[in-house]
Amino acid sequence: MISDSRWSWWSELITSKKDDLTFQLLIFSVISLPILWYSFRKATFRLPPGPRGLPVLGYLPFLSPDLHHEFTKLGQRYGRIFKLQLGRKTYVIVSSSDLAKEVVRVQDDVFSNRDPPVAGIVVTYGGKDIVWSDNNSYWRNLRKVFVSEVLSNKNLEASRSFRRAGVRKIIKHVYETMGNEVDVGGMAFTSSLSVVTNMMWGKSLDEKKENSNLGVGFREVISKIVELLGAANVSDLFPVLSRFDLQGVERKIKQQLQKVDEIFQRIIDDRMSVKPEESVEQEGRKDLLQILLEHKQKDNTSTFSITQIKALFMDIVTGGTDTTSTMAEWTMAELLKHPEIMKKIQDELEEVVGLNNIVEESHLSKLHYLDAAIKETFRLHPPLPLLIGRCPNMCCNVGGYTVPKGSNVFINVWAIHRDPKYWENPTEFDPNRFLNPDGTTKYDYSGNNTNFLAFGSGRRRCPGVPLGEKMLVYLLASLLHSFDWTLPKDKEHELSDKFGIVLKKRNPLMAIPSQRLPDKILYM
Ligand code: HEM
């Protein structure tokens, strides 16, 4: 008994001690686990630095409209990666070549989704295009068709005559207005659109008699769409408010889409009603519509639809015209500021093409100095200064900081292209920096070197490079070979820019063309 009671006392003591220990352990866990969890999160989940903003609005009220300048200044203060809260959205801005490489090359797979703006979704038939689709099988298939069918070397060659017709038309038009001031950007936009529509469906819109006003209307509509795509929209920053469409962006872009859709549909219907033997393909010439319809017919298993063709057309007209024409305007603006460089380009044209001849696409690969001057313009005035935002599909680490899943990541190409770490005398316009000692050019548009990212990099890199480059060099070579250009006497020539989805000249460039080639016939 005694021993029993002793033992029971002992077991009670043990039990109570055990309870105490359990209790103490419990208290310890309750207090320490959150601390450990917090320290662990802090160590592993370190958001990039950035300015504080106001509740709800974040940093929105403090941003000026020229985002590339604003982000460059913030980058100088907070470092090569920083974070901004704008409304409900988290933005991460990367402004160094090494961290850009981390995003668009090393972790390309993680960063290859988009966060499309409302206007982008509406205008592409619900995001059925390439630009605004996420990285999924739909996007991969469409991009594959675009790159391997539409923009294959063979098909680019087959559409050469359509580009030629577009460029010749603009040379004739400029010839007729010689001696007067020309709005270079407007003229280049008309020209790029004419080249692009020629390539898309074999005729530029204003060539069809019954559509003579359609051409002008189409230009206006495309300009408005590009503008609306770049507009800051409350619906994008506060998705809960999107149903109210407070600024009317959605309503306005729907109106524009309806106009473009009518034109696309009419052209597709016309083509589909044509018998194969009457088709546009003549002497190896093939327009993009023909290529896409053939692809649709050929691939029976494919779900390739007319809506996808229209969404692709939308990418081509919006992605291909404004970028090309804006670059033509910037290049001409820089050359008018540096007449000695313009003269060197014209000397090269004289040597390669000759004054009794017109520029053909076959000449372009020999125009190294012009190529270098265009690359230098891309460096100083990248048309998409922040590329198109990338949206990581999971939390990840860039430069020691956590980039949250679903945030909007922008690469500040404008800042990288002017960073003295990568470019000597970065604000100076000097095409020589792109020339090798043997006269060929350094750097290409592949995005492999992240110091130079005019067309982006990685799997979201611009698929239109071969066409965009060809159109731009061909147009500029033709304008510089056919005409001498001067500035109007009484106007200041300044090169300030204005932010938008495409970075434009703040004030349109006005210039006066005069005849350069001896024979009038070379302008007809
Ligand atoms: C001077 C001419 C052009 C420039 C500077 C340019 C620039 C760009 C840039 C910077 C991007 C974003 C890349 C990224 O996010 O990393 C892009 C995307 C794109 N561009 Fe271009 N582009 C030009 C011409 C064209 C042309 C002619 C076409 C069509 C024929 C085109 C179609 C596209 C498409 C479809 C995308 C989206 C790619 C994707 O998200 O997968 N671009 N472009």
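The values are calculated or read from the model by the stated rules, or taken from the named source; none is laboratory data. Predicted model, so just to flag it, every value in this text is computed and none were measured. Because the Cβ atoms are built from the backbone with ideal geometry, glycine has one as well, and the counts that use them run over all protein chains shown. Ligands, DNA and RNA are stripped out before the accessible areas are found, and what is left, the full protein with its side chains, is counted by its heavy atoms. Shrake-Rupley method; radii C 1.70, N 1.55, O 1.52, S 1.80 Å.
At a probe radius of 1.4 angstrom, the accessible area of the chain per residue rounds to 48 square angstrom.
Residue 371 contributes an accessible area of around 30 Å² to the protein surface, as traced by a 1.4 Å probe with all chains present. Only protein heavy atoms count here; under a 1.4 Å probe, residue 344 has an accessible surface of about 100 Å².
Order 524, 327, most accessible first, counting only protein heavy atoms with a 1.4 angstrom probe.
Working: 524 100, 327 0 Å².
The residues order as 524, 327, largest area first.
Summing -39500 (n - 2.57) over the DSSP H runs of n ≥ 4 in the chain and dividing by its residue number, what mean residue ellipticity at 222 nm do you reach, to the nearest 500 deg cm²/dmol?
On the way: 17 runs with 256 residues, N = 524.
The helix contribution divided over the chain gives -16000 deg cm²/dmol.
Relative contact order, percent, of the chain when contacts are C-alpha pairs under 8 Å separated by at least 6 residues? Kindly include the intermediate steps, with their values, before the conclusion.
Numbers: 737 pairs, mean separation 118.0, N = 524.
The normalised contact order for the chain reaches 23 percent.
Once you reduce the range 78-101 and the range 310-382 to the center of their Cα atoms, the two points are 32 Å from each other. Relative to the longest principal axis of the Cα atoms of the chain, the long axis of helix 67-78 lies at roughly 40 degrees. For the range 444-496 versus the range 412-443, the inter-centroid distance based on Cα atoms is 14 Å. By its C-alpha gyration tensor, with a ≥ b ≥ c as the square roots of the eigenvalues, how is the range 107-171 shaped: rounded for a/c under 1.5, else prolate for a/b larger than b/c, else oblate? Here the range 107-171 falls in the prolate category. Of the whole protein surface, residue 137 contributes about 70 Å² of accessible area at a 1.4 Å probe radius.
Rounded, prolate or oblate: which fits the range 313-387 when a ≥ b ≥ c are the square roots of the eigenvalues of the alpha-carbon gyration tensor, with rounded for a/c under 1.5 and prolate only if a/b beats b/c? The shape class here is oblate.
What does the C-alpha gyration tensor say about the overall shape of the range 278-431? Classify as rounded when a/c is under 1.5, otherwise prolate if a/b is larger than b/c, or oblate. If you can, show how the numbers build up before the last one.
Numbers: a/c = 3.02, a/b = 1.06, b/c = 2.86.
Oblate is the answer for the range 278-431, as a/c is 1.5 or above yet b/c matches or exceeds a/b.
Here the chain is assigned +1 on the Cβ of each Lys and Arg and -1 on the Cβ of each Asp and Glu. Its dipole about the Cα centre then comes out at about 1320 debye. Considering only 31, 90, 521, the residue lying farthest towards the positive end of the dipole of the chain is 31, judged by Cα position with unit charges set on Cβ. Shown for the range 468-524: the carbon plus sulfur share of the solvent-accessible area, taken with all protein chains present and a 1.4 angstrom probe, equals 54%. If I compute solvent accessible area with a 1.4 Å probe over the protein chains, what percent of it on the range 93-204 is carbon and sulfur? Taking all protein chains in place, the range 93-204 shows 51 percent carbon and sulfur surface. Helix 306-337 against the longest principal axis of the chain: what's the angle in degrees, Cα atoms only, rounded to the nearest 10? Taking the Cα atoms of the chain, the angle to 306-337 is about 70 degrees.
Quick one: ranking 32, 362 by accessible area, 1.4 Å probe, largest first, what do you get? It would help to have the intermediate numbers written out before the result.
Values: 32 20, 362 65 Å².
Listed by decreasing accessible area, they come as 362, 32.
Applying a DSSP loop filter and a limit of 15 other Cβ atoms within 10 Å to the GluC sites (Glu not before Pro) in the range 412-520 leaves 424, 428, 492, 494.
How far is helix 368-380 tilted off the main Cα axis of the chain, in degrees rounded to 10, range 0 to 90? Value to nearest ten degrees: 40.
Rank these by accessible area, largest first, 1.4 Å probe: 147, 409. Numbers along the way, then the final one.
Working: 147 65, 409 5 Å².
Solvent-accessible surface, decreasing: 147, 409.
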